[in-house]
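One structure is given here, and the rest of the page talks about it.
The values are calculated or read from the model by the stated rules, or taken from the named source; none is laboratory data. These numbers were taken from a predicted model, which means no experiment stands behind them. Neighbour counts are summed over all protein chains in view; Cβ atoms, including those assigned to glycine, are modelled from backbone coordinates with ideal geometry. Only protein heavy atoms, including side chains, enter the accessible area calculation; ligands, DNA and RNA are left aside. Shrake-Rupley method; radii C 1.70, N 1.55, O 1.52, S 1.80 Å.
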Amino acid sequence: MPRASRVRDVVVTAQPDETLLASVAVLRHLGARITRYDAEAGTLEARVRRWLRPALIRLRAEPEGEATRLHVESDAVAWTPMFRRFRGGLLDVVRGGS
């Protein structure tokens, strides 16, 4: 039985291409493997294992004024805590944190 995907948004003060590059670093830190990256389309796809189950994560970056709205979709089990870690890591990277 397929799991339902959940979509959440993150708004960051960076350009879409910078946001996607920062997302790659954060997703890798979370143990994900990047499977597709299309800078021109502003999309990224990654695979991760959560509690021994494979999960798909899709990102779509859209310009929003001086910022970027990043749509994050996943079918991962217990996605909320992982999304919080992703969002926190992304905001830290974009702000120039560690």
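Overview of results
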read-out	value
Residue check, Ala61 among the small types (Gly, Ala, Ser), assigned to a strand (DSSP E or B) and either modelled with pLDDT of 95 or more or touching a His at 6+ places or on another chain (Cβ under 6 Å) (or both)	yes
Positions within the range 27-37 being touching a strand residue (DSSP E or B) at 6+ places or on another chain (Cβ under 8 Å) and either of a type outside the set (A, V, I, L, M, F, W, C) or more than 20 Å from Pro81 (Cβ to Cβ) (or both), in sequence order	Arg28, Gly31, Arg33, Ile34, Thr35, Arg36, Tyr37
Whichever residue in the range 38-86 is of a type in the set (Lys, Arg) and in contact with a strand residue (DSSP E or B) (Cβ under 8 Å, 6 or more places away or on another chain) and, among such residues, is least open to solvent (accessible area, probe 1.4 Å)	Arg69
Qualifying residue in the range 23-31 (condition: open to solvent by 70 Å² or more (accessible area, probe 1.4 Å) and of a type outside the set (Lys, Arg))	yes
First in the range 32-61 and in contact (Cβ under 8 Å) with a residue 24 or more places away in the chain and within 11 Å of Leu21 (Cα to Cα), second anywhere and in a strand (DSSP E or B) and among the acidic types (Asp, Glu), Cβ under 8 Å, 6 or more apart	Gly42/Glu62; Leu44/Asp38
Filter result for Gly89 (part of a loop (DSSP other than H, G, I, E, B) and either modelled with pLDDT of 90 or more or over 13 Å from the mean Cα position of the chain (by Cα) (or both))	no
